[in-house]
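Quick notes on the structure that follows.
The values are calculated or read from the model by the stated rules, or taken from the named source; none is laboratory data. These figures come from a predicted structure and were not determined experimentally. Neighbour counts are summed over all protein chains in view; Cβ atoms, including those assigned to glycine, are modelled from backbone coordinates with ideal geometry.
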Amino acid sequence: MKSILKQPLVHFLLIGLVLFILFALVNNGKDAENTIVIDQSDLERTIATWEMQWNRPPTAEELTNLLKSNIRQEVFYQEALAMNLDHNDEIIKRRLSQKMEFLSNDLANMNPPTEEELRKYYSENQSKYLTPYRYSLFQIVFTADKSGRDYWTIAENILKEYSEVSIQDMETKGDALPFPFAFDKINEDQLRIQLGSDFAQSLRELPNNKWVGPIASGYGAHLVYISERTEPQEQAFESIKNDLFRDFEYEREQQVYRAIYEELKKRYKIEVDIVPTEIISDTFLIELQKQLNTN
Amino acid sequence: MKYFFNFLVCLGTICFLGCKEGSKAAAEADTSLADQRKEVIPFFENKEAFFGETHLHTKYSLDAFIGGNRLSAGQALKFAQGEEILLESTGKTMQLKRPLDFAAVTDHAEYIGEMYSVLNPNAQAYNNEQAKSLREVDGLEEGLKLFVELVVKNNRSSKPQHLEFFEGSMSTMSAWEIMNEQTEANYIPGKFTTLHAFEWSGAPNGGNLHRNIIFRDTIVPDLPVSYIEANRETDLWNWLEEIGHNGSTALAIPHNSNASKGMMFDENMPNGEPITQGYAEMRQKYERTIEIMQIKGASEVHPNFWPNDEFANFENAQSLENYSGRSFEEKNFVRYALKRGLQYEDELGVNPYKLGFNGGTDNHNGLMSNVEEDNYATGSHGYVDATAENRVKNTVDGWAKAYDINPGSITGVWAQRNTREDIWDGLYKRETFATSGPRIKVRLFAGYNYKESYETYDDFIEDGYAKGVPMGGDLKLDKGQEPSFLVWALKDPMNANLDRVQIVKGWYENGKLKEKIFNVAASDNRKKADGTVTPTDAQVDLQTGAFDTSKGNSEFMTKWRDPDFNPSNRAFYYVRVLQLPTARWNLYDEIREGVKFPGTVAKTVVERAWSSPIWYKPK
């Protein structure tokens, strides 16, 4: 896990560094102190924004006024920065932390996973991709509307009386419902949809090759004969590559986000500077301090 | 500055190329995978009922985003497949009890371009003040203000407009592409079908004319169409006609006729003139089913106009009439439209309202078909009804009281395989049904020479197809023969037993629209000789929410004859299956969260399923 996390983080820091240096180089000498330069891209952006709102280009006068107001904003902005007015401003905090989140998402999706990464991901998450339980079974059912309110006892008695007859002879003993007598290699999730969760769940523990029951479903009391039960199995990598690809990307997004946060947070120590009161106890504050310093 | 900009562009390009290559590789993997999977797509000779969602919103819907929805289409589709999802706005984890078979994400087409700008820092308008204010909505109060300002005043006016920071059709295109990619990535033929879709949200002066547009395949236009470009349903159909020339195949599903201020089934076209044959033809061509129920109420009938229908008092969302200048009218309801359609067919030769039924939620939290009453912990509209306390006191703005909202309904489609084509074709042929949540299955056939009874379900269904037509179809006159109907219903294995099945008949006779409800079968020997049924005494335990398991049927399978059949009258027949009473979601809120709802709020519901109609045509 660690090694996957490390890689994007290194990317992130490197890109940050490159941007920083580049920005410094480009800006060097041009934006001297107390000089505001309006360049081509500023102009284009201003015009584009205007057009977006008014569906026409600005007149010369409008453009000048726009630039004037941009400069006013820039001047105040620079001075505000100098006076540290951005500190502890809730809106600015929210914006900047959001920007970091988006950066991390972009970063996560920059490179598609390699085959090797996918294989590794698969080996670490194998349990998520197991095939479901699979059964071949025979069943009959007794329902209240067909067998009457004693359907459960009736099912028990049928089991006692006929448990030794051949499988086929059992077919006609139950009530007619639109489910097959024989299910061939049916997955647990399909059974769950057809007969309900409880029924599907109970099959896991039943013995093979004999009639057992009654087993409850939403319809009534079932007698069941399991001829084959396949336990969950691993799937071939190639056959689920697409799923892995999709899940990997999704998970990496979450991981990169968390990793960056954890890494950055290491640089901070959180101190709780609160005086205990009757409501906020001392032990709570100590525990709080501990909690806030773990991730 | 310029160099810096160029550098960014380069970086962007590298990233873009990298991504392209990746998706190409993925596409290749796709084809081989599709080949492998083709072999294992289960096939059902007599068709199987597949359950799914046709109406759902993610963060790309402006109103849903304001309400705190941060789920993508991809996440919503994962939820549909049974995965657990954390709802950030509420901090609660949600999961379906059973996965769905198919699903469509239908975001409001109007503002997906704006949402692209709001959600993507690379977009030029990302830093626009209004875009920022949307991202920074903190809780209900602020959200409400924005909602009224941006959605209610704008989208429910007669001439809607884009928001001030709209960047043009490229941003809409980008959003649409993202949605389509995620829809594609989650399609597993045979197991889980995803449908490309969006919602056209026309609501002139608050009268709801919304339609969900569902595509048959991956041939989708570059852009969806919205209320801004297509002001009325006729413009929408023209657009559908146009994209049809470019190879797209789509249908339109109207919803919430109950809140349409008389406009959904108006006698007049948008230009004020009476409906013409041309209008009726276009409508029937594209509108094959209607969403008969969703979170904002059922649209089948209303007790004000159907006082003799003892089951009409059901999820009527009565407080709809308190908002947006709405009132209830008979002509807002589907049963009325079905009858009126018969008359139009007589007058114009075409029935504009030949509608089968499907169900949807319109859930604005991204929770696909989250329809079970005991799994409504997060409501359906973001912050406003996210907690039990809020559901007691809040109003879903412009719509209804939160306690009048229900979890919505679900669509069943009869199809031979669970693939995009089969599901879509099922919708097109109207071989569909809707339920108010439970996975009740219902079948209906009409034909001639059916046997009195059948040994097995399979024989019953085979004969149903062989000698007649399934739900959604047309029954033609067979001279001298009297038609009969095969009706079948099966309970949800994880819900209460069934109370009864009814057939609702509507017909047009001597210039008059008429209807009658027949009780076809009832559980526990309650059906009397005169055809009426003693109401069930099955109770819901108000302490626990448990339903009565000692009564009701698990299945109904029967043949029915129309005692009043008159071969010269146009008619339709649909089945309504009623379940024994169960707890409504607010009872679970009271039990689990200790809140108290007003005494007028029903504590129990009679859940139900509606089959699409079969139409009978003389000559």
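What tally of residues in segment B:364-391 results from selecting those that are within 17 Å of the chain's Cα centre (by Cα) and over 22 Å from B:ASN495 (Cα atoms)?
4
Kindly indicate whether B:GLN124 is within 14 Å of another protein chain (Cβ to nearest Cβ) and under 24 Å from the mean Cα position of the chain (by Cα).
For B:GLN124, the condition - within 14 Å of another protein chain (Cβ to nearest Cβ) and under 24 Å from the mean Cα position of the chain (by Cα) - is not met.
Which residue, of B:VAL392, B:VAL371, is under 19 Å from B:LYS92 (Cα atoms), in contact with a Pro (Cβ under 9 Å, 6 or more places away or on another chain) and in a loop (DSSP other than H, G, I, E, B)?
B:VAL371
May I ask you to verify whether B:SER484 is assigned by TED's automatic domain parsing to the domain that holds B:THR549, hydroxyl-bearing (Ser, Thr, Tyr) and at pLDDT 95 or above?
yes
Filter segment B:559-577 down to the residues that are surrounded by fewer than 24 Cβ atoms within 10 Å (Cβ to Cβ) and touching a residue at least 60 places away in the same chain (Cβ under 8 Å) and list them by number.
B:LYS559, B:TRP560, B:ARG561, B:ASP562, B:PHE565, B:PRO567, B:ASN569, B:ARG570, B:ARG576
Which condition does B:ARG430 not pass, out of (1) surrounded by 23 or more Cβ atoms within 10 Å (Cβ to Cβ); (2) not assigned by TED's automatic domain parsing to the domain that holds B:ILE295, if it passes all the others?
(2)
Quickly run through segment B:437-446 and pick out the residues that are more than 13 Å from chain A (Cβ to nearest Cβ) and touching a Ser or Thr at 6+ places or on another chain (Cβ under 7 Å).
Those that are more than 13 Å from chain A (Cβ to nearest Cβ) and touching a Ser or Thr at 6+ places or on another chain (Cβ under 7 Å): B:GLY437, B:LEU444.
Could you please give the count of residues in segment A:141-157 that are over 21 Å from B:ILE440 (Cα atoms) and modelled with pLDDT of 90 or more?
Residues that pass the stated criteria total 8.
From the set of residues in segment A:95-146 that are within 11 Å of chain B (Cβ to nearest Cβ) and under 17 Å from A:PHE179 (Cα atoms), which is surrounded by the fewest Cβ atoms within 10 Å (Cβ to Cβ)?
A:LYS146
Restricting attention to segment B:250-274, which residues are aliphatic (A, V, I, L, M) and assigned to a loop (DSSP other than H, G, I, E, B)?
B:MET263, B:MET264, B:MET269
Here are A:GLU228, A:GLU253, A:GLU188: which of them is free of Cβ contacts under 8 Å to residues at least 60 places away in the same chain and either under 30 Å from B:ALA80 (Cβ atoms) or over 23 Å from the mean Cα position of the chain (by Cα) (or both)?
After applying the criteria, what remains is A:GLU188.
Out of B:VAL540, B:VAL487, B:VAL520, report the one residue that is touching an Asp or Glu at 6+ places or on another chain (Cβ under 8 Å) and of a type in the set (Val, Ile, Thr).
Sole residue among the options that is touching an Asp or Glu at 6+ places or on another chain (Cβ under 8 Å) and of a type in the set (Val, Ile, Thr): B:VAL540.
Checking the conditions here, which among B:PRO535, B:PRO567 is under 30 Å from B:GLY473 (Cα atoms) and over 28 Å from the mean Cα position of the chain (by Cα)?
Sole residue among the options that is under 30 Å from B:GLY473 (Cα atoms) and over 28 Å from the mean Cα position of the chain (by Cα): B:PRO567.
Of the residues in segment B:130-144, how many are within 11 Å of another protein chain (Cβ to nearest Cβ) and modelled with pLDDT of 80 or more?
The total comes to 5.
Hey, among A:LEU81, A:LEU43, A:LEU85, which residue is more than 14 Å from every other protein chain (Cβ to nearest Cβ), farther than 30 Å from A:ARG252 by Cα, modelled with pLDDT of 80 or more and not in a loop (DSSP other than H, G, I, E, B)?
Step by step, each of A:LEU81, A:LEU43, A:LEU85 is checked, and only A:LEU81 is more than 14 Å from every other protein chain (Cβ to nearest Cβ), farther than 30 Å from A:ARG252 by Cα, modelled with pLDDT of 80 or more and not in a loop (DSSP other than H, G, I, E, B).
Do you know which of the residues in segment A:232-246 that are of a type outside the set (S, T, N, Q) and free of Cβ contacts under 8 Å to residues at least 40 places away in the same chain is surrounded by the fewest Cβ atoms within 10 Å (Cβ to Cβ)?
Step by step, filter segment A:232-246, then rank; the result is A:ALA236.
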